[in-house]
Every structure is written in structure tokens, then in C-alpha cells.
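As C-alpha cells, the structure follows; a few thoughts come after it.
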Amino acid sequence: MSQLPANYKEIYTAQRVEKNKKLAARLERMGFHQVAGDIFAHPTQYIETDFNPVKTWIEYVNRLVGALIGVFVFGTVLFALPYWQRDRTVFWLAFASFLLTGVQGWLGSLVVSTNLLPIMVTIHMGLALLIVAMLLYAVDRSQRGAVADIEPIREISGLGGWLWVAVLLTFVQIVLGTQVREQVDLVASAAQYLNRGGWVEQLGGVFKFHRTFSAVLLLVNLYVAYRLYTTSSARLHRLATAIVGLIGGEIIAGIILTYFSFPAAAQPVHLTLATLLFGAQFLAVVAYHRATKLRRQVATTAVVA
Ligand code: HEM
């Protein structure tokens, strides 16, 4: 702290505002007038933030982990090179994930420079989920024909569609969640991070919708899990169990946040479980389609033979 200049807050706020001006000008040129305007209309970017060593370290570690992820995703592209001959989609998925990871890093820097501008946090989260889905799909495609590939199963009427509904609803719920989070940040900073128990009453309609929507999500997921259990695939049974466990844990974490004064430890738990839930549901979509497709192939081969 003593190594910082006395007017460090003004200096860093000015640097952030300068970066945001460039961003807003670029967005204007690309035709995104609304977003460009929002950046300046929103109060968050002008907030002069106190230096906080713990948060600085967290952000620094986040950047290091981000860089490490970039290295791993680049490794994935290298390992996907042999698929150029076998299944080009695997290579393109890996390559696109690598490019998007770069975009994600850049977006992350904007999340910081705009001081957590709501739209930036939401886009950052949405892109993270897209990258997760692309990588999971690339891994699944690369395993096709491997010894431990999934066992073929008969198609169950409507289940493919319901699995997609579950993933998409979770995506929507996560986007809503980031908006609740943004409101919590505003309410908390207005209350100077005191009186945590009183924050929840000040949250608006998005929070109430998020809370109620989780009941819809629970019902859809219980239904999907029940139908996955009726298949003969052990892998789909495991994924169904994971989905039920994750959504249960997620709702408990949400309840703890809301009714036990936002304990700090529950925030990352709520976020992590949401991402894992999305991942497990997406894996179930991919595995189910794979298993039913295999079954159709087996049936066609039998008829031809
Ligand atoms: C399947 C159900 C749910 C999903 C997928 C979900 C997802 C999320 C996500 C991704 C966030 C953003 C977290 C962040 O950016 O740090 C969030 C925030 C939040 N959610 Fe949920 N949520 C669910 C259920 C619930 C329930 C049932 C409640 C309350 C009873 C709840 C209350 C909250 C609150 C209060 C926040 C703001 C948390 C904070 O300040 O860190 N959520 N949710």
C-alpha cells in the first residue's frame, strides 16, 4: 500500500475510463450504439475503488489460471491436428475454442476496466459456457469408436428434445443469475458492504424470477433424470444422478445465500455448481444422441446384412 502513489485512485480510474472510451468508440463504429452508450451511462466505471490486496491477488491468480487455460487449450489444438484427416470437426472445435479463449481473456480485461459493468459480466459468463460446451463436444467426438464408447440404446420418444430444454433453461438461469449477482454488487456497495442480512429485500424482480425459475428447472431436470434412468445405459444413469445432485446442491446454495446473509463462501459454490450442472446436462445431451445414433447404425447394418 505504501508503495502506491497518494493519488492512485484517480490515476487508475482515469486509466480505466480511457480504456473504456476506446472500447465505446470501437463499439460505436461496429454499430453497437446502445452498448457503447451504456458503458458511459453506467455509474460503475467511475467508482474510485480502494486498493484491496486480497482482491488484487484473487484477480492476479485468475489471470494466471486464465493464461494456463490458454496453454492447455492450445495443447488441445495440437492434439486435435491428427483429426484433420479423421474428423475435421474435432480440429475446428478445438481451434475455435482456442480463439474464443483469447476473446474471453480480452472480455475479462473489459470486465475489470468497466468495473463489472453488468452486460460485460453476463457476456463473459455466456462465452465461458459456450467454450465449455464446445470442448466437451470435441472430446466426445474424438472418443468415437474407442473401446469405452457408449453402449447403443433405443431412442425414447421426446427425450432428446427434453435434454436440450434442460440445458437451455439452465443457460437462461445462469444468465439471470449473473444479473442477480450484479444487483447484489450494487446493493452491497450502496450499503458499504454492511448489513448483509438486509441486501436481499433490496433486490428487484430479476431475483424473484431467478428464485421461482429454479423450481421450473428442478421439475424439468427431475423429469429428464427419471427418463434417463429408464434407459439401459450405465453412463446415462451416472449423468442423471450427477444432474439431480448438482441441481439439489445449487438450490441449497441459493437458499443459503438468500436466507443466511450472503456468506462469502456460498457465492463461488453457487457459481461453480451452476457451471457443473450445465456441463453435466450438455454431456447427457451428447451421450444420449451418440448412444441412440449407434443403435440406429447397428439396426441398419443388421438389416443390410
Ligand atoms: C438451478 C438453479 C440455479 C442456478 C443454475 C443458479 C445460477 C446462478 C448463477 C450462475 C449466479 C451468478 C453467480 C455469480 O456471478 O457469482 C446466481 C446468483 C444468485 N442466485 Fe442463483 N441459481 C439457481 C438457483 C437459485 C435459488 C433457488 C436461489 C434462491 C433461493 C438463488 C439465489 C441467487 C442469488 C441471491 C444470487 C446472487 C449471488 C451473489 O451475490 O453471489 N439461486 N445464480
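The values are calculated or read from the model by the stated rules, or taken from the named source; none is laboratory data. Keep in mind it's a predicted model, so treat the numbers as computed, not measured. All Cβ positions, glycine included, derive from the backbone under ideal geometry; neighbour counts span all protein chains shown. When the accessible area is computed, the model is the full protein with side chains, heavy atoms only, and any ligands, DNA or RNA have been set aside. Shrake-Rupley method; radii C 1.70, N 1.55, O 1.52, S 1.80 Å.
Residues checked against (1) aliphatic (A, V, I, L, M); (2) within 17 Å of residue 272 (Cβ to Cβ); (3) out of contact with any Gly (no Cβ under 9 Å at 6 or more places or on another chain):
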| position | (1), (2), (3) |
| --- | --- |
| 172 | yes, no, yes |
| 186 | yes, no, yes |
| 203 | yes, no, yes |
| 214 | no, yes, no |
| 218 | yes, no, no |
| 224 | yes, no, yes |
| 247 | yes, yes, yes |
| 251 | yes, yes, yes |
Q) Among the numbered criteria (1) part of a helix (DSSP H, G or I); (2) out of contact with any Leu (no Cβ under 8 Å at 6 or more places or on another chain); (3) within 7 Å of the ligand (Cβ to nearest atom); (4) among the hydrophobic types (A, V, I, L, M, F, W, C), which single criterion is violated by residue 262? A) (1)
Q | segment 215-238, subset farther than 30 Å from residue 200 by Cα, assigned to a helix (DSSP H, G or I) and open to solvent by 20 Å² or more (accessible area, probe 1.4 Å), residue farthest from the ligand (Cβ to nearest atom) | A | 234
Q | Only listed residue being modelled with pLDDT of 90 or more and more than 14 Å from the ligand (Cβ to nearest atom), chosen from 114, 101, 178 | A | 101
Q) Name the pairs whose Cβ atoms lie under 9 Å apart, with the first residue in segment 202-218 and within 20 Å of residue 163 (Cα to Cα), the second among the acidic types (Asp, Glu), and 6 or more positions between them or separate chains? A) 214/250; 217/250
Q: Test residue 204 against the stated conditions and say whether it is within 13 Å of the ligand (Cβ to nearest atom) and over 26 Å from residue 118 (Cβ atoms).
A: no
Q: May I ask you to verify whether residue 212 is of a type in the set (Ser, Thr, Tyr), assigned to a helix (DSSP H, G or I), surrounded by fewer than 17 Cβ atoms within 10 Å (Cβ to Cβ) and near the ligand (Cβ under 9 Å from one of its atoms)?
A: yes
Q.
Looking only at segment 283-296, how many residues end up being closer than 16 Å to residue 242 by Cβ and open to solvent by 20 Å² or more (accessible area, probe 1.4 Å)?
A. 1
